[in-house]
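Scroll down for the structure; my scribbles are underneath it.
The values are calculated or read from the model by the stated rules, or taken from the named source; none is laboratory data. A quick note: this is a predicted structure, and the numbers were derived from the prediction, not measured. Backbone-built Cβ (ideal geometry, glycine too); neighbour counts: all protein chains shown.
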Amino acid sequence: MGKESSRNTQKNEVLERVMNFLRMEYQTDVEKVDTSEAMMPAVDKDGNEFYYKIAITVPRGKRNPEGGYTDYNGYEEAKVYKEICADNAAIKKQKKENEAAEKQRKRDAKKTIRELNAKGLKKMIVEGE
């Protein structure tokens, strides 16, 4: 059996095991919709029906300029994904901090304007007498 054929056989076995697990875990239908895909119906908290589509793939990696593919490294992809998530979390945190600082700056500015207006009004009253 060739490398590709062996992987396809194992991929189909994994898909069947995933389908069986989902059937048992969720007590629902799970049907194959393509050679490496299955679907599972679900209902959201508002009673609306929708479907999950589950795909099992065997990635090849990136195409080489000379032809063929580089080996796919799932651990490296997971590491990059974690870094992206951490970066996004840091960006989100910084954005919240900036928004809070801007709100505080506006509150301080309004307070200063109120204080200056009050002082100016008092000065006008005193000068007008």
> Residue check: is Glu13 assigned to a helix (DSSP H, G or I), acidic (Asp, Glu) and without any contact (Cβ under 8 Å) to a residue 12 or more places away in the chain?
Replying inline: yes
>> Quick check on Phe21: is it within 24 Å of Arg7 (Cα to Cα) and aromatic (Phe, Trp, Tyr)?
In response: yes
>> Tell me yes or no: at least one residue of segment 35-55 is assigned to a helix (DSSP H, G or I) and of a type in the set (Lys, Arg).
In response: no
> List the pairs whose first member sits in segment 66-90 and is farther than 28 Å from Arg7 by Cβ, whose second member is part of a helix (DSSP H, G or I) and hydrophobic (A, V, I, L, M, F, W, C), and whose Cβ atoms are under 9 Å apart, counting only residues at least 6 apart or on separate chains?
Replying inline: none
>> For segment 110-129, check the following and say yes or no: at least one residue is among the small types (Gly, Ala, Ser) and at pLDDT 90 or above.
In response: no
> Of all residues in segment 63-81, which are assigned to a helix (DSSP H, G or I) and of a type in the set (D, E, K, R)?
Replying inline: Glu76, Glu77, Lys79
> If you go through segment 28-75 one residue at a time, how many are farther than 21 Å from Lys11 by Cα and among the acidic types (Asp, Glu)?
Replying inline: 4
